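To start, the structure under review is shown below, and the notes come after it.
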Amino acid sequence: MSGAPILDVRNLSVRFRTEGGDVPAVSDLSFTLDRGETLAVVGESGSGKSVTSLALMRLLPKDSAVTVTGQALLEGRDLLAIPEPEMRKLRGGAISMVFQEPMTSLNPTTPVGAQVAEAVQLHRDLDRRAAREEAARLLDLVGIPAARQRMDDYPHHLSGGMRQRVMIAMALSCDPGVLIADEPTTALDVTIQAQILDLLKRLQERTGMAVVFITHNLGVVAEIADRVLVMYGGRAVEQAPLRPLFSRPLMPYTAGLLRSVPRMELAGRRAGPLPAIPGNVPDPRHMPPGCVFHPRCAHHQPGRCDAAAPVLEAADEAREVRCLRWRELAA
Amino acid sequence: MSGFLARRLGQSLVLLVLVSMVGFAILHLAPGGPMSQFASGSDMTQEDLDRIAEQLGLNRPLPVQYAEWFWRMLQGDWGRSYRDGEAVLNVIGSHLGATLQLMLTATLLAIIIGVVIGTLGAIRRHSIFDTLATVGAMIALSIPTFWFGLVAIYVFSVWLDWLPSGNRFTPGDGSPLDLLRHLILPAMVLALVETAIWSRFMRSSMLDVVNQDYIRTARAKGVPEARILLRHAFRNAALPMITVLGLQLPTLLGGALVTETVFTWPGMGRLFLDSISYRDYPVVMGILMFSATLVLLGSLLADLLHAVADPRIRLG
């Protein structure tokens, strides 16, 4: 990919103020997204993936309990700083989002065609009839059979996979430069998951949009990503192109995640149970000192990993890693 | 759909018969009765009284009286008032207009104001407006209506002398303006409590809806905030209100006993109260059947409306 990145996120931090104290949900996160690229954001539940995407869309609750700092430049415009009316025009236009829960993400009392047409009309200069035509075309594009007849169906008439297609049609209605897909396949059956991933890939090739794909499923990552950002405890811990990351993970956390994926070719030959990373993601109110991952890390050195916090450093021109020992471990 | 209707109507009829039995029994078991009304205060002989009892059928066993009343009611003869011999259906009919006028005004006011207050309260939750609305609703709900009525009469009729203290119109006048002046106080007092109820229902329904995923979806596709509220949230939040409306229908016509009494409003509520104290059995039973029918029709109507408004509901 050439030219400036379409999305450039710099030092994004999100804090929630709760009765139990300040909760840093995302800390100092920076990443870039090139045009047409797919960046997978990976991590366990609670690693800050979804909060990151909601912060970029400015969909976090607008009250004093939430503090978002940093910059998110979409083609040079800072999504976190522009006034709300301008942001509203970008939302669903230049940057759009598909959510995890297709079952509850559509308005139950409005026909699906009208919901897609609404998105079209909001951002494009089309009259009602033309917007409806366009909605039918989009529903057909995302593979809804007999799309024209289904326009007047309500969400409850459709299966989860079909609803997610409607959500995708809505998100694509204005040719966004960036699509944020927040675990779009997690709630779906495995066969439907594959169909939706294929659809997203096909649509991406067609429109050239860049995709931020949030998931905890490494199988899905291997399927769709160009580059991977691994998050842990609200921080980026490793960032690398897909192949090098999968073949030679630098951060012990990434390595642990990869080891805990069940593999067909090892079935029956593996001795013992599937390796899992021991312990749980840290409570963001009580982050461990030093490296946030050290309590769960098989390679942690007492007195070193629990004392100094590692910084995200460049491992080569395309990779970044946050680990005090990555050089020793890689050797 | 037609199966649903037939089943619901069948259930309603059974319920109506049960209500009539229980009502009839309680009414007749209550101490006193029309005969003691006739006996007191006039110079009737025992013979006269016996003749009246025979005429009205009050000397027969209760089940027989009930069967007779029930059979006649089915044929459309609801009996005659003991007080003036007027046919019961006519008596009810002549009081219905006053009640409808008062209740429709109060309910419309309450729905409009209550829905607006509830919606605003939900959108600006914990704001000063919301807190005031919540406290106001609690006060309106916890203070008895008759007290509000008396205070309103004291302030607006006695003290300020702006509005009449009761009745539906000034005898000999009855112009629209006169009717309106008489309507304002009782409608205001009634609407106060109902507004409190509607605003609380609407607030909680709206709060439910604004936290739903599809509202976030609407935001994510760039829908302006005002349109999110009006098009996406309001419609979904208003659905449960249909049920509330259905439950309100009987009070709409059954009358507000207390308010009508305080403002000497010649409606169904006062008719019911007067008829009970006079032991006017036919009228009391008539009103009872009338309101029971309304309760059942109201809930049926609410279900039907709900099915029309909510595409997810299929009656069957």
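Things to note:
- Loop GluC sites (Glu not before Pro), the stretch A:225-331 (other Cβ atoms within 10 Å of the site Cβ: 10 or fewer; DSSP): A:317
- Surface share of carbon and sulfur [accessible, 1.4 angstrom probe, percent] for the protein assembly as shown: 60
- Calculated on C-alpha atoms, the gyration radius of the protein assembly as shown divided by its Kirkwood radius gives an Rg/Rh of 1.16.
- Nearby aspartates and glutamates by direct alpha-carbon distance to residue A:201 (threshold 12 angstrom, same-chain neighbours under 8 apart not counted): A:37, A:223, A:226
- Residue with peak Gaussian network fluctuation, chain B [Cα springs, cutoff 10 Å], from B:83, B:279, B:200: B:83
- List of the stretch A:99-128 residues, accessible area with partners at least 30 Å² below that of the chain alone (1.4 Å probe): A:99, A:104, A:105, A:107, A:108, A:109, A:118, A:122
- Note on the stretch B:147-196: Cα-Cα pairs beyond 13 Å make up 56% of the total pair count.
- The ellipsoid that matches the Cα gyration tensor of the stretch A:194-252 has semi-axes, each √(5λ) in whole angstrom, of 23, 12, 11, with the longest given first.
- Residue A:66/residue A:217 FRET efficiency (R0 25 Å; Cβ-Cβ; nearest 0.05): 0.35
- Rounded FRET efficiency, nearest 0.05, which uses the C-beta distance separating residue B:139 from residue B:160 and R0 of 25 Å: 0.70
- Rounded FRET efficiency, nearest 0.05, which uses the C-beta distance separating residue B:7 from residue B:173 and R0 of 45 Å: 0.30
- Taking a point 7 Å from the Cα of residue A:28 along the Cα-to-Cβ direction, the residues of the stretch A:71-85 with backbone N closer than 20 Å to it are A:71-73.
- Relative to one another, the C-alpha centroids of the stretch B:233-278 and the stretch B:199-217 are positioned 28 Å apart.
- Quotient of C-alpha Rg and 2.2 N^0.38 Å, computed over the stretch A:1-122: 1.16
- For chain B, diffusion coefficient by Stokes-Einstein and Kirkwood Rh (Cα), 4 °C, 1.567 mPa s, µm²/s: 57
- 1.4 Å probe accessible area per residue over the stretch B:192-235, in Å²: 42
- When the Cα atoms of the stretch A:53-197 are aligned to their principal axes, the ranges along those axes come out at 45, 38, 27 Å in descending order.
- Within chain B: Cβ-based charge dipole about Cα centre, in debye rounded to nearest 20 (Lys, Arg +1; Asp, Glu -1): 1840
- Over the protein assembly as shown, DSSP H runs of length four or greater, each weighted -39,500 (n - 2.57), average out per residue to a 222 nm ellipticity of -16500 deg cm²/dmol.
- Among A:83, A:59, A:111 - extreme Cα towards positive end, dipole of the stretch A:16-134, charges at beta-carbon: A:111
- Note on chain B: with a GNM built from Cα contacts shorter than 10 Å, the maximum mean-square fluctuation among B:118, B:286, B:222 falls on B:222.
- For chain A, average projected area of the Cα convex hull in nm²: 19.1
- Long-range tail of P(r) for the stretch B:228-278 (Cα pairs > 14 Å, %): 63
- Low-density loop cleavage sites - chymotrypsin sites (Phe, Trp or Tyr not before Pro) in the stretch B:220-316, where at most 13 other Cβ are within 10 Å (DSSP): none
- Cα-based shape type of the stretch B:55-143, given that a ≥ b ≥ c are square roots of the gyration tensor eigenvalues and the cut on a/c is 1.5: prolate
- Inter-centroid distance (Cα atoms) of the stretch B:28-91 relative to the stretch A:52-119, Å: 72
- Length-normalised contact order for chain B - Cα pairs under 8 Å, 6+ apart - percent: 27
- With 5 Å bins from 0: P(r) over the stretch A:122-279, alpha-carbon pairs, percent: 1, 7, 15, 17, 16, 14, 10, 7, 6, 4, 2, 1, 0
- Translational diffusion of the stretch A:133-218, µm² s⁻¹ [Kirkwood Rh, Cα pairs; Stokes-Einstein; 4 °C; 1.567 mPa s]: 97
- For the stretch A:167-210, taking the reciprocal of the average inverse distance between every pair of different Cα atoms yields a Kirkwood hydrodynamic radius of 10.9 Å.
- Here each label is just a point 7 Å from Cα along the line to Cβ, and for residue B:22 and residue B:180 those points are 4.4 nm apart.
- Gaussian network model of chain B, Cα within-10 Å springs - most flexible of B:224, B:144, B:164: B:224
- Distance between modelled label sites at residue B:147 and residue B:309, nm, 7 Å Cα→Cβ extension: 3.3
- Beyond 29 Å, the tail of the calculated P(r) for the stretch B:146-304 holds 41 percent of the Cα pairs.
The values are calculated or read from the model by the stated rules, or taken from the named source; none is laboratory data. This is a predicted model, so every value here is computed, not measured. Positions of Cβ are generated from backbone atoms using ideal geometry, with glycine treated the same way; all protein chains shown enter the neighbour counts. Just so you know, the surface numbers come from the protein's heavy atoms only, side chains and all, with ligands and any DNA or RNA stripped out. Shrake-Rupley method; radii C 1.70, N 1.55, O 1.52, S 1.80 Å.
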